[in-house]
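Below is one structure, written out as structure tokens, with a few remarks after it.
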Protein chains: 2
Amino acid sequence: MSWEKIVRKVTPYVPGEQPKDKNIIKLNTNECPYPPAPGVRKLLDNIKYEDMRLYPDPEASVLVDALSDYYNVPKDQIFVGVGSDDVLSMAYLTFFNSDKPLLFPDITYSFYDVWAELYKVPYKKIPLNDDFKINFEDYYEENQPNGGVIIANPNAPVGISEPVSELEKLIQHNRNSVVIIDEAYIDFGGESALPLIEKYENVLVVQTFSKSRAMAGMRIGYAFGSKKLIKYMQDAKFSFNSYTMNRPSLELGVAAIEDDKYFKDTCAKIVATRERVKKELSGLGFTFPDSKANFIFAKHERVSGEELFLALKEKGIYVRHWSADRIADYLRITIGTDEEMDKLIAFLKEYLA
Amino acid sequence: MSWEKIVRKVTPYVPGEQPKDKNIIKLNTNECPYPPAPGVRKLLDNIKYEDMRLYPDPEASVLVDALSDYYNVPKDQIFVGVGSDDVLSMAYLTFFNSDKPLLFPDITYSFYDVWAELYKVPYKKIPLNDDFKINFEDYYEENQPNGGVIIANPNAPVGISEPVSELEKLIQHNRNSVVIIDEAYIDFGGESALPLIEKYENVLVVQTFSKSRAMAGMRIGYAFGSKKLIKYMQDAKFSFNSYTMNRPSLELGVAAIEDDKYFKDTCAKIVATRERVKKELSGLGFTFPDSKANFIFAKHERVSGEELFLALKEKGIYVRHWSADRIADYLRITIGTDEEMDKLIAFLKEYLA
């Protein structure tokens, strides 16, 4: 029927599998292996059931206030959404409306081109170098006029963290379009670009509760930017859905922020496990970029990525694998608990022997 | 700076006020005056805190299954989202990509033109007749080729419910674009168009948990349509954000559906209060269309809508008022508890005397 002719037809992003079997060692979607802060548990008992009949606060004030206090950023420079995917999606819709291309690395979060396709934003992928690092000069506007830039730092799925000084130079060369720094993995050893929002009004720094704050199941993301930038995003968001964050997400989000010691301890534990696993993987013949994220992007000297991915899956250990040319030999392995990683290493040892 | 030139600039929808003062009688956003089903309270105690570190099921299976059972609609004909606003917003993005105008009434849910502006969808408002009823023939495609139709039934803010036979005729005359029936208020006495999805593959029927199921604070909306229609929406949704519904919303949504007796009793109580309040308002000199929703759209014979709105607000009773020409003399009054409505009536009696 002809109604189909005007449908927006897209090929969606495919997230990592979410198996229902609890026995699976799940190292495939970069979740935190530890539970959220204990305050979250406590607050769950106190959620006011009677208030659920009422709409949530459309301004998400309690959560914005908590983020404002924690990061020392004024409230009108903070945007919150249903996970950082929602925040990034709204940023695309708001800022990338040029006929010039949006720029991002050829190897990065694979949602970046999906959003561009959804909103019909022209885009250009810039190859990472052979070490999977970003060639920053390729993004300088004098070389190729552009309609925006999005950089994940640390970059996914490679895990490399780039210095903020390089990001700042990129921004200085891109004052005519919005530059997004996606910091989903920043809390595991990277350097945040947050201070740059004070100097450059076209910079958006995006973070999430899904990784370091162990709240993927609650869908909470946030962004920092100039007052002007955030106001434009709010206008688009309030033209999309007045109430995106439900009551529990607002309240539990606050509880997660309040326990800073737990947050820092959790990140430190994951970093310690990551560094230990790096050594073990090296010993087994793997190579990998130096990850500052909660995952390792590793390639074995002999065995293909696909073979290892399937062997691990067979054993009930899920990691992530892509078939794209440059990365087909790699596995992205989320850092789990020490016990989970021991099982992974033990299996690999046996399999590779 | 020139980055602003390519920003999508929009004027957002303004939702009704969400006052923090608990003493206010809140009859301004059509929430349910009763709490959600008791099963929701019980389930809150059992939400697995440890699982919050994990992403929710992107397919929202438990909720889709529950809706499928309750409405007897196959799972692949159901779409769920963050309130019906999210569902409608995704439907606009997916289906309304024509250079012909989207059609909807001049007086209806005021988000319809906001979404059109956001996505740059051309649109045309068709006047309701003098009794605030829809002139269905104005929407027949032979009269004006169109890029889609959206009708709220019962229509907001007037409350009138149109017969499904009229909606079906409209659909028969509009096979070349998607027709959305927004049934946010259907459970208070209207006739659902749900059976039409079996006969017409271009029809989307949208409902919500925010009104009759007393879950506005949880943000749950859903839609029914042909398998083909729903697949297109899913593709767009999975290109926007893989995980829109968080863990509590999925679980608590199921609990709300399971208690059908509570649901029906709640709707019946609201309908009984509405019918009583109609009589009281008539006695005080108000006129109103015959509402089949959980609100009454009423105009007083002497006193202006704005004056009454402000007087009620001063007294701590919030209702909704718009300044648009045709409806400036009307108040939209949500049906609260009997006690709340008694306070409203008592105040109006005194004020109008």
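Please tell me the relative contact order of the range B:1-141 in percent, rounded to the nearest whole number, where contacts are Cα pairs under 8 Å and at least six residues apart. Could the numbers behind the result be given before it?
Details: 80 pairs, mean separation 25.8, N = 141.
Relative CO of the range B:1-141 lands at 18 percent.
Which residue, A:Pro145, B:Phe136, B:Ser2, has the largest displacement toward the positive end of the dipole of the protein assembly as shown when charges sit on each Cβ (Lys, Arg +1; Asp, Glu -1)?
In the protein assembly as shown, that residue is B:Phe136.
Two decimals, Cα atoms only, Kirkwood Rh: what is Rg/Rh over the range A:143-234? It would help to have the intermediate numbers written out before the result.
Details: Rg = 13.3 Å, Rh = 13.7 Å.
Rounded to two decimals, Rg over Rh is 0.97.
Residues with amide H under 5 Å of A:Ile126's amide H, sequence separation 5 or more or different chain, H placed in the peptide plane at 1.01 Å from N; which?
A:Phe104, A:Asp106
At a Förster radius of 51 Å, what calculated FRET efficiency corresponds to the Cβ-Cβ distance of B:Ser323 and A:Lys169, to the nearest 0.05?
Numbers: r = 51 Å, r/R0 = 0.99.
Once the sixth-power term is evaluated, E becomes 0.50.
I'd like the distance separating the alpha-carbon centroids of the range B:285-346 and the range B:200-277, in whole Å.
Here the answer is 27 Å between Cα centres.
Determine the dipole magnitude for chain A: charges of +1 sit on the beta-carbon of Lys and Arg, -1 on that of Asp and Glu, nothing else is charged, the reference point is the Cα centre, and the result goes in debye to the nearest 20. Working shown, then result.
On the way: 44 positive and 53 negative charges, 119 e Å.
So the dipole magnitude of chain A works out to roughly 580 debye.
Can you pull out the GluC sites (Glu not before Pro) in the range B:104-156 whose DSSP state is coil and whose Cβ has at most 10 other Cβ atoms within 10 Å? Don't jump to the answer; show the numbers that get you there.
Details: sites: B:Glu117, B:Glu137, B:Glu141, B:Glu142; in loops: B:Glu141, B:Glu142.
Here the GluC sites (Glu not before Pro) that fit, given the DSSP loop and packing criteria, are B:Glu142.
Using the Karplus curve 6.51 cos²θ - 1.76 cosθ + 1.60 with θ = phi - 60°, what ³J(HN,Hα) values do you get for each residue of the range B:335-352, in whole Hz, with x for Gly and Pro?
Values, residue by residue: 7, x, 5, 4, 5, 4, 5, 4, 5, 4, 4, 4, 5, 4, 4, 5, 5, 7 Hz.
Could you tell me what a quarter of the Cα convex hull surface of the range A:221-353 works out to, in nm² with one decimal place?
Reported value for the Cα convex hull: 11.7 nm².
Could you tell me which of rounded, prolate or oblate describes the range B:12-85, using a ≥ b ≥ c as the square roots of the eigenvalues of the alpha-carbon gyration tensor, with rounded for a/c under 1.5 and, failing that, prolate when a/b is larger than b/c and oblate otherwise? Please list the in-between numbers first.
Values: a/c = 1.85, a/b = 1.47, b/c = 1.26.
Prolate.
Of the GluC sites (Glu not before Pro) in the range A:241-301, which ones lie in a loop per DSSP and count no more than 11 other C-beta atoms within 10 Å?
On the way: sites: A:Glu251, A:Glu258, A:Glu275, A:Glu280, A:Glu301; in loops: A:Glu301.
Answer in residue order: A:Glu301.
If the convex hull of the alpha-carbon atoms of the range B:237-282 is projected onto planes in all directions, what is the mean projected area in square nanometres? Please report the intermediate quantities before stating the final value.
Values: hull surface 21.9 nm².
Value for the range B:237-282: 5.5 nm².
When 1/r is averaged over all different Cα pairs and the result inverted, which Kirkwood radius in Å belongs to the protein assembly as shown? Walk me through the intermediate numbers first.
Values: mean 1/r = 0.0374 Å⁻¹.
Across the protein assembly as shown, the inverse of the average 1/r is 26.7 Å.
So for B:Val7, B:Val87, fewest C-beta neighbours within 10 Å to most, what's the order? Write down the numbers at each step before the final one.
Numbers: B:Val7 20, B:Val87 26.
Sorted ascending by nearby Cβ count, the order is B:Val7, B:Val87.
State, as an integer percentage, the relative contact order of chain A based on alpha-carbon contacts under 8 Å between residues 6 or more apart.
On the way: 621 pairs, mean separation 82.6, N = 353.
So the answer I get is 23 percent.
Calculate one ³J(HN,Hα) per residue across the range B:225-230 by plugging θ = phi - 60° into the Karplus curve 6.51 cos²θ - 1.76 cosθ + 1.60, and present them in order as whole Hz with x for glycine and proline.
x, 5, 4, 5, 4, 5
Along Cα→Cβ, 7 Å out, is where each label goes; now give me the distance between the ones at B:Ala268 and B:Glu4 in nm to one decimal.
Inter-label distance under the simple model: 5.9 nm.
Scan the range B:1-107 for trypsin sites (Lys or Arg not before Pro) in coil per DSSP, keeping those whose Cβ has at most 15 other Cβ atoms within 10 Å, and list them by number.
On the way: sites: B:Lys5, B:Arg8, B:Lys9, B:Lys20, B:Lys22, B:Lys26, B:Arg41, B:Lys42, B:Lys48, B:Arg53, B:Lys75; in loops: B:Arg8, B:Lys9, B:Lys20, B:Lys22, B:Lys48.
In loop regions of the range B:1-107 (DSSP not H, G, I, E or B), the sparsely surrounded trypsin sites (Lys or Arg not before Pro) are B:Lys9, B:Lys20, B:Lys22, B:Lys48.
Specify whether the C-alpha gyration tensor of the range A:191-258 places it in the rounded, prolate or oblate class, a ≥ b ≥ c being the square roots of the eigenvalues: rounded for a/c under 1.5, otherwise prolate if a/b is larger than b/c and oblate if not. Kindly include the intermediate steps, with their values, before the conclusion.
Values: a/c = 2.63, a/b = 1.26, b/c = 2.09.
Oblate, since a/c reaches 1.5 and b/c is not below a/b.
Given that compact globular proteins tend to follow 2.2 N^0.38 Å, what is the ratio of the alpha-carbon Rg of the range A:170-211 to that value?
Values: Rg = 11.0 Å, N = 42, 2.2 N^0.38 = 9.1 Å.
With N residues counted in the range A:170-211, Rg over 2.2 N^0.38 Å equals 1.21.
A:Glu137 to A:Asp51: FRET efficiency via 1/(1 + (r/R0)^6), r the Cβ-Cβ distance, R0 35 Å, to the nearest 0.05?
Details: r = 53 Å, r/R0 = 1.52.
For A:Glu137 and A:Asp51, the calculated efficiency is 0.05.
So the label point sits 7 Å from Cα along the Cα-to-Cβ vector; using that for A:Ser165, what distances do you get to the other copies, in nanometres, sorted shortest first?
Spacings between copies for this position, smallest first, are 7.9 nm.
How far, in whole Å, is the closest Cβ of chain B from the axis that maps B onto A, and which residue does it belong to?
B:Pro248, 2
Which of the listed residues, B:Val158, B:Phe104, B:Leu284, is farthest toward the dipole's positive end in the protein assembly as shown, when Lys, Arg count +1 and Asp, Glu count -1 at the beta-carbon?
About the Cα centre, the residue reaching furthest to the positive side is B:Leu284.
Over the range B:1-157, how many percent of alpha carbon pairs lie in each 5 Å bin up to the one with the longest distance?
Result returned by the calculation: 1, 6, 11, 13, 15, 15, 15, 11, 7, 4, 1, 0.
So the label point sits 7 Å from Cα along the Cα-to-Cβ vector; using that for A:Thr11, what distances do you get to the other copies, in nanometres, sorted shortest first?
Computed spacing set for this position: 4.1 nm.
Once each part is reduced to its C-alpha centroid, what is the distance from the range A:27-69 to the range B:100-152 in angstrom?
39
Taking a point 7 Å out from Cα toward Cβ as the label site, list the nm distances between B:Asp106 and the same residue in every other copy, smallest first.
5.8
Taking every DSSP beta bridge that has both residues in chain A, what percent is antiparallel when rounded to the nearest 5?
On the way: 16 of 32 bridges.
Within chain A, antiparallel bridges account for around 50 percent of the total.
Have a look at B:Ala91, B:Phe188, B:Leu170 and report the one farthest towards the positive end of the charge dipole of the range B:48-259, computed about the Cα centre with Cβ charges (Lys/Arg +1, Asp/Glu -1).
Projecting each Cα onto the dipole axis, the largest value belongs to B:Ala91.
I need the Debye-formula profile for the range A:38-258: one equal scatterer per C-alpha, no solvent, reported as log10 I(q)/I(0) at q = 0.09, 0.11, 0.12, 0.13 1/Å, two decimals.
Scattering profile of the range A:38-258, log10 relative to I(0): -0.35, -0.53, -0.62, -0.73.
Decide, for the range B:1-42, between rounded, prolate and oblate: order the square roots of the alpha carbon gyration tensor eigenvalues as a ≥ b ≥ c, take rounded if a/c falls under 1.5, and otherwise choose prolate if a/b is larger than b/c, else oblate.
Details: a/c = 3.84, a/b = 2.41, b/c = 1.60.
Verdict is prolate for the range B:1-42.
If the viscosity is 1.306 mPa s and the temperature 10 °C, what Stokes-Einstein diffusion coefficient in µm²/s follows for the range A:73-147 when Rh is the Kirkwood radius over Cα pairs? Each step should come with its number before you reach the end.
Numbers: Rh = 13.8 Å.
D, rounded to a whole number, is 115 µm²/s.
Read-outs: derived from the displayed coordinates by stated rules, not from any lab. Everything numeric in this text was worked out from a predicted model, so none of it was measured. No Cβ is skipped: glycine too gets one built from the backbone with ideal geometry, and neighbour counts run over all protein chains shown.
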